[in-house]
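Participant: Before we start, here is the structure in question, set down as structure tokens.
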Amino acid sequence: MNTRIAINPAIRLGAVACFTLGVSCGAGNDRVIDGVTEASPSPARLGGSIAVIPAPMKLEANGQWHAIAPDVVITCDDEYRQIASTIREFIEQRTGKLPVVQRRDAGEPSGRIHITSRGANDLGVEGYALSVRRGHVELRARTVHGAFNGWQTLRQLIEQGELVEGESIQSLRVPECEIVDKPRYAWRGMHLDVSRHFFPVEFIKRYIDLLAYHKFNVFHWHLTDDQGWRIEIRKYPSLTAVGAWRDEFSGRYGGYYTQEEIRDVVQYAAERFVTIVPEIEMPGHALAALASYPAISCKGGPFDVPTTWGVFDDVYCAGNDETFVFIDNVLAEVCALFPGEYIHIGGDECPKSRWKDCEKCQARITKEKLSDESALQSWFMHRIEAMLAARGKRMIGWDEILEGGLAPKASVMSWRGMEGGIAAANEGHDVVMSPTSHCYFDYRQSHLPGERGPIWSPVLNTERVYGFEPMPESLKASRRKHILGAQGNVWTEWLKAPADVEYMAFPRACALSEVAWSYATGRDWGAFRSRLDVHLKRLKAMDVNYRPLD
Ligand code: TNX
């Protein structure tokens with residue numbers, strides 16, 4: 001069946017939309033596609049464009065949209081069968097018709113969607129190429145991850161076709177286009193604090209879905225903090241029996257993830273090419289752990305799991321050997337649960353007052369010939385790094401882990417600005433840029449009265465996030481490879497429900513996805529803003545409680 005249809009004027013998005021980031025494309029007059037000359041509308045009729053977020057490295061289109069028949073056959077190389085079935089189910093959900101999936105060697109593709117690794121050698125691990133001609137879709141990728149990324153783009157195109165049409169669709173429409181795409185950075189992360197407020201597994205999965213949809217590939221899961229320990233550790237049941245709960249005015253508040261749930265989430269994320277980086281905070285932000293096991297504090301407790309926010313003086317005792325036995329056992333279980341290479345160990349905001357007054361900590365300083373409590377923190381982190389290295393893991397921590405000297409192979413997440421990251425990169429360490437100035441999605445999005453977020457916070461709106469440049473200008477060319485990428489952080493002191501998290505994360509995460517994925521050349525807020533208008537309709541269709549733009 002020929003799927004070519006007459007083009008409904010309503011879905012003619014306009015002209016030769018040719019926005020490329022990093023790669024230029026020719027002036028868009030008439031183009032020859034597949035031997036057929038398509039008259040492109042004159043520039044004056046340029047009405048809209050293809051709105052993919054994050055923007056692909058190279059995109060050419062001519063404004064024509066065509067239908068893919070829902071009874072299309074999907075053909076693919078063997079390794080892409082899983083993606084093919086995902087696309088198949090997506091089409092069924094929308095059209096009620098289930099396309100047939102065939103392996104490529106099953107014969108000549110009669111279908112309109114073809115997924116292959118042929119001609120994909122230059123696309124890297126995460127790249128893909130998408131070629132759509134008269135309703136024939138060819139997706140090329142070298143890896144399944146690349147094909148998955150290409151599928152996210154194709155999905156956005158199909159959704160845009162529907163949105164423009166504005167009615168229920170029997171045949172899916174896609175724009176004629178040529179896309180070649182790969183990421184600028186290897187670490188494209190989003191974080192979520194589940195300690196200050198707890199979020200159920202279903203929401204964690206939805207969050208991961210939304211990350212994958214924006215081509216994020218890291219989920220930094222902030223699992224422990226003063227106000228709640230959220231991961232089951234079999235060797236230390238009190239961590240979740242005691243540390244996962246706090247007594248608020250309104251009653252007992254808390255929750256945690258069982259190891260079975262964690263495994264399920266890890267698997268779910270892996271299927272979406274999202275690596276989970278778990279965070280176990282130390283030596284500070286540890287009151288929930290100390291309330292459960294007070295013997296590994298300096299003063300011995302007792303402690304309550306706090307119900308207020310901030311930075312607390314009681315931290316793990318660095319002089320007590322039992323502390324390190326405890327942490328080693330905890331990390332053993334954590335490392336076994338998370339297959340990714342990185343474990344985040346916090347390291348931020350650790351007051352030194354208890355260590356100053358603690359006999360054991362002072363004895364440690366003397367014995368190890370350390371200059372002061374900062375050096376003790378550094379010594380602490382070196383020990384932790386060795387524990388992780390013994391299990392084949394790499395350590396990453398907030399930029400305070402630089403103080404007193406960085407552990408030999410540690411990576412740094414730079415949050416108090418870019419300086420920590422620059423210093424670490426100059427010492428040859430890998431860095432993820434996550435400065436409060438552009439990446440703190442718990443901050444307010446405007447000055448308007450009633451705007452969510454703490455009143456003390458600076459205003460961080462989507463435009464400002466979009467203006468973020470993770471690569472410091474001052475960094476020498478030889479050090480640039482150490483900037484792994486960028487990450488947005490969603491702290492939840494003031495966010496109680498999933499809808500609150502969505503409101504703070506979106507659309508700022510959309511902007512950040514483009515900062516981290518797309519090449520910086522040609523970045524333009526006005527153009528992004530237009531694409532975002534379309535994209536917000538996609539988010540709306542998914543019931544995402546995003547903050548409307550001003
Ligand atoms: C600082 S960022 C913190 C968090 C807070 C956040 C609030 C970091 C490493 N520590 O504990 O939640 O500010 O914006």
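Participant: Per residue, how many Å² of accessible area does the chain show with a 1.4 Å probe?
Facilitator: Ligands and nucleic acids excluded, the figure is 39 Å² per residue.
Participant: Quick check on the chain: helices-only [θ] at 222 nm, where DSSP H runs of length 4 and up contribute -39,500 (n - 2.57) each and the sum goes over total residues. Nearest 500, please.
Facilitator: It lands at -9500 deg cm²/dmol.
Participant: Right, here's the next one. Please give the helix 201-213 orientation as an angle from the longest Cα principal axis of the chain, in degrees from 0 to 90, rounded to the nearest 10.
Facilitator: That works out to roughly 50 degrees.
Participant: Now for a separate question. Could you please report the charge total around Leu331, scoring K, R as +1 and D, E as -1 over all other residues with beta-carbon less than 13 angstrom from its beta-carbon?
Facilitator: Net charge around Leu331: 0.
Participant: Further question: In terms of the Cα gyration tensor, with a ≥ b ≥ c the square roots of its eigenvalues, is region 313-435 rounded because a/c is under 1.5, prolate because a/b exceeds b/c, or oblate?
Facilitator: Because a/c hits 1.5 or more and a/b fails to exceed b/c, region 313-435 counts as oblate.
Participant: Within region 181-284, which trypsin sites (Lys or Arg not before Pro) sit in a loop by DSSP and count at most 14 neighbouring Cβ atoms inside 10 Å?
Facilitator: Arg234, Lys235
Participant: If you take the square roots of the eigenvalues of the alpha-carbon gyration tensor of region 234-371 and sort them as a ≥ b ≥ c, do you get rounded (a/c under 1.5), prolate (a/b over b/c) or oblate?
Facilitator: oblate
Participant: Can you give the local net charge around Gly485? Use residues other than it whose beta-carbon is closer than 13 angstrom to its beta-carbon, Lys and Arg +1, Asp and Glu -1.
Facilitator: +1
Participant: With Cβ to Cβ distances under 10 Å as the rule, what net charge do the other residues near Asp399 carry (K, R +1; D, E -1)?
Facilitator: Around Asp399, the charge tally is -3.
Participant: When all C-alpha to C-alpha distances in the chain are sorted into bins of 20 Å, what percent of pairs does each bin hold, rounded to whole numbers?
Facilitator: 21, 50, 24, 5, 0
Participant: Taking +1 at the Cβ of each Lys and Arg and -1 at the Cβ of each Asp and Glu, which of Met542, Ala425, Ser353 sits farthest along the dipole of the chain towards its positive end, judged by Cα position relative to the Cα centre?
Facilitator: Final value for the positive-end residue is Met542.
Participant: Further question on the same structure: So how much accessible area does His382 have, in Å² to the nearest 10, using a 1.4 Å probe?
Facilitator: Roll a 1.4 Å probe over it and His382 shows about 70 Å².
Participant: Let me ask something additional. Return one number: the angle in degrees, 0 to 90 and rounded to the nearest 10, between the long axis of the Cα atoms of helix 259-271 and the longest principal axis of the Cα atoms of the chain.
Facilitator: 30 degrees
Participant: Rounded to whole Hz and in sequence order, give me ³J(HN,Hα) for region 357-366 from the Karplus expression 6.51 cos²θ - 1.76 cosθ + 1.60, θ = phi - 60°, writing x for Gly and Pro.
Facilitator: 9, 9, 4, 5, 5, 5, 4, 5, 4, 5
Participant: Okay, moving on. Quick check on my link table: of Lys299/Lys481; Lys205/Lys537; Lys215/Lys496, which ones sit more than 32 Å apart, alpha carbon to alpha carbon?
Facilitator: Lys299/Lys481
Participant: Within the accessible area of region 187-541, what % is carbon and sulfur when the probe is 1.4 Å and the other protein chains stay in place?
Facilitator: Taking all protein chains in place, region 187-541 shows 52 percent carbon and sulfur surface.
Participant: Sticking with the crude label model, points 7 Å out along Cα→Cβ, report the distance from Asp247 to Ser353 in nm, one decimal please.
Facilitator: 2.4 nm
Participant: Which percent, nearest 5, of DSSP beta bridges in region 187-541 are antiparallel?
Facilitator: Counting only bridges with both partners in region 187-541, antiparallel ones make up about 20 percent.
Participant: Using the Cα centre as the reference, give the magnitude of the dipole from point charges on the C-beta atoms of the chain (Lys, Arg: +1; Asp, Glu: -1; all else neutral), rounded to the nearest 20 debye.
Facilitator: Around 1140 debye, computed over the chain.
Participant: Only bridges whose two residues both fall in region 207-309 count here: according to DSSP, what percent of them are antiparallel, nearest 5?
Facilitator: In region 207-309, approximately 50 percent of DSSP beta bridges are antiparallel ones.
Participant: Could you tell me how many degrees, from 0 to 90 and to the nearest 10, lie between the Cα long axis of helix 373-390 and the main elongation axis, the longest principal axis, of the Cα atoms of the chain?
Facilitator: Tilt relative to the chain: about 60 degrees.
Participant: If you don't mind, another one. For region 446-485, state which GluC sites (Glu not before Pro) are in a DSSP loop and have at most 16 other beta carbons lying within 10 Å of their beta carbon.
Facilitator: Glu451, Glu473
Participant: Still on this structure, I have one more. Amide H to amide H under 5 Å from Leu223: which residues, 5+ apart in sequence or cross-chain, H placed 1.01 Å off N in plane?
Facilitator: Amide H neighbours of Leu223, under 5 Å, 5+ apart: Glu279.
Participant: Calculate one ³J(HN,Hα) per residue across region 118-135 by plugging θ = phi - 60° into the Karplus curve 6.51 cos²θ - 1.76 cosθ + 1.60, and present them in order as whole Hz with x for glycine and proline.
Facilitator: Values, residue by residue: 5, x, 10, 4, 8, 8, x, 6, 10, x, 7, 10, 10, 10, 10, 10, 6, x Hz.
Participant: Let me ask something else about it. Taking amide H positions as placed in the peptide plane 1.01 Å from N, state which residues far from Ile396 in sequence (5 or more) or on other chains have amide H under 5 Å from it.
Facilitator: HN-HN under 5 Å from Ile396: Ile343, His344, Ile345, Ser411.
The values are calculated or read from the model by the stated rules, or taken from the named source; none is laboratory data. The shown structure was predicted, so the numbers you read here are calculated from the model rather than taken from an experiment. Note: ideal-geometry Cβ built from the backbone for every residue, glycine included; neighbour counts use all protein chains shown. These area figures cover heavy atoms from the full protein model, side chains too; ligands, DNA and RNA do not enter into them. Shrake-Rupley method; radii C 1.70, N 1.55, O 1.52, S 1.80 Å.
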